[in-house]
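Right, one structure below, let's go through it.
The values are calculated or read from the model by the stated rules, or taken from the named source; none is laboratory data. The model shown is predicted, which means the values in this text are computed figures rather than measured ones. Here Cβ is always computed from backbone atoms with ideal geometry, including for glycine, and neighbour counts include all displayed protein chains. Areas reflect the complete protein model, heavy atoms only, side chains present, ligands, DNA and RNA absent. Shrake-Rupley method; radii C 1.70, N 1.55, O 1.52, S 1.80 Å.
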Amino acid sequence: MTDLLITLPFLIGFLYLLVLLTVRGLRWIRGLSLMDRLRLRQALLSKDVFSAAGEAFMEGLLHRKIFRKHPVLGYMHMSLAFGWFLLIVVGHIETLVADRSLVVPVYKAVFFRYFETSKDFTMAGSFAVAMDLLLLFVLSGVSLAMAKRFRKHWFGLRQTTRLKTGDRIALTSLWLIFPLRLAAEATAASLWHNGSFLTNPLGSFIGSHVDAAAIHAPLWFAYSSALGFFFVALPNSRYMHIPAEILLIFMRRAGVRLKKINTTYTEVQVYSCSRCGICLDRCQLSVAGI
């Protein structure tokens, strides 16, 4: 497989998601009243933007409110959201250091172990340890998310929300992304020993049982495809709450409120719900069987 073919599913999904979120976000903002648009613009140009960014970090990545409800459920959400965020950030820094450049292609960090087969760059060993540790962190969240679908009472829930088609596609893709990344990076480690405490031993195990060179490119393509499917499914799934919640936080901080006549602010509120199911056990209608 060529490098372009391997990265193509990721690039298509990423560009689709970027364009759609931009269009939808601009439509939401244009749908506000004139006064609310002015409030939002003023807030973005004032020091309030820092407090809004801090809240977005605490709720969108660390999931502070869910931690207060149930620590294990909070850890599950945090390890997926914050762990993936750190994988992106640290991976991008690693790519900048390895390439000795301030500008790198967006896909390079996502497929770093595919393109960079050596460890001949500054702090290569430290980066490898950090990336393996972060990948293990995210995988622990994926494991808990799988367990939650079958043992919800472990997470303090008596019932959970029903998944729609878009949710199922996005959820399946999300569950596959990180195990496939682990397998792909372990196969690269089997060939070039460019991993660390997690990927190197797994790579040795894979290399002793199968031809690592034969499955190397297909595994990276499968990882790329899982990413692409997730990005395409995200706007029509429960995971749309991630960008919508961040926008909602900035709108609230700017003083945007519900009106007697619905504006797109209501739509942002609806999309910002993660449909996690925490509210179901406390809802009087749900308790009554309605």
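Here are the numbers for the structure shown:
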item: Backbone N within segment 239-258 under 17 Å of label point (7 Å from residue 280 Cα along the Cβ vector); result: 239
item: Segment 233-268: trypsin sites (Lys or Arg not before Pro) falling in loop per DSSP and having at most 16 other Cβ within 10 Å; result: 257, 259, 260
item: Using a Förster distance of 35 Å, the FRET efficiency for residue 122-residue 205 (Cβ separation, nearest 0.05); result: 0.75
item: Of all accessible heavy-atom area on segment 29-133, the percent that carbon and sulfur account for (1.4 Å); result: 66 percent
item: For segment 14-65 versus segment 142-215, the gap between their alpha-carbon centres in whole angstrom; result: 32 Å
item: About the Cα centre, charge dipole magnitude for the chain (Lys/Arg +1, Asp/Glu -1 at Cβ), debye; result: 1800 debye
item: Per DSSP, loop trypsin sites (Lys or Arg not before Pro) in segment 8-59 with at most 11 further Cβ within 10 Å; result: 47
item: Segment 135-183 shape via C-alpha gyration tensor axes, a/c threshold 1.5; result: oblate
item: Unit charges on C-beta of K, R, D, E only; dipole of segment 1-70, Debye; result: 400 debye
item: Using alpha-carbon coordinates, inclination of helix 212-233 to the longest axis of the chain, degrees; result: 10 degrees
item: From phi via Karplus (6.51, -1.76, 1.60), per-residue ³J(HN,Hα) for segment 77-91 in Hz, x at Gly/Pro; result: 5, 5, 5, 6, 6, 6, x, 5, 4, 5, 4, 5, 5, 5, x
item: Residue-normalised accessible area of the chain, expressed per residue, 1.4 Å probe, Å²; result: 53 Å²
item: Value of relative contact order over the chain, rounded to a whole percent, pairs C-alpha under 8 Å and six or more apart; result: 28 percent
item: Cross-link table 119/148; 47/148; 65/259; 69/164; 108/148, entries beyond 29 Å C-alpha to C-alpha; result: 119/148; 47/148; 108/148
item: Semi-axes of the equivalent ellipsoid for segment 1-42, Cα gyration tensor, largest first, Å; result: 37, 8, 4
item: Length-normalised contact order of segment 57-110 in % [C-alpha pairs under 8 Å, at least 6 apart]; result: 25 percent
item: Solvent-accessible area, 1.4 Å probe, carbon plus sulfur percent, for segment 151-290; result: 62 percent
item: Dipole in debye (nearest 20) - segment 169-290, about Cα centre, beta carbon charges: Lys, Arg +1; Asp, Glu -1; result: 820 debye
item: Net length gained if the chain between residue 260 and residue 100 were fully extended (0.36 nm per residue, minus Cα distance); result: 52.1 nm
item: Along each principal axis, Cα extent of segment 40-142, largest first, Å; result: 43, 38, 20
item: Nitroxide proxy distance, nm - points 7 Å out along Cα→Cβ at residue 159 and residue 68; result: 2.5 nm
item: Top positive-direction residue, dipole computed over segment 144-290 with Cβ charges, set 177, 262, 272; result: 262
item: Taking all pairs of distinct alpha-carbon atoms in segment 119-244, Kirkwood radius in angstrom; result: 16.2 Å
item: With Cα atoms, 0 to 90° folded angle of helix 199-209 axis to the chain main axis; result: 60 degrees
item: Phi-based couplings in Hz for segment 241-256 (Karplus 6.51, -1.76, 1.60; Gly and Pro marked x); result: 5, 5, x, 5, 5, 5, 5, 4, 4, 5, 5, 5, 4, 7, x, 6
item: Top positive-direction residue, dipole computed over the chain with Cβ charges, set 90, 42, 141; result: 42
item: Equivalent ellipsoid, the chain (semi-axes from 5 times Cα gyration tensor eigenvalues, Å); result: 36, 24, 17
item: 37 °C / 0.692 mPa s Stokes-Einstein diffusion coefficient of segment 1-96, Kirkwood radius on C-alpha pairs, µm²/s; result: 197 µm²/s
item: Signed unit charges on C-beta, dipole axis of the chain, positive-most listed residue 29, 107, 72; result: 29
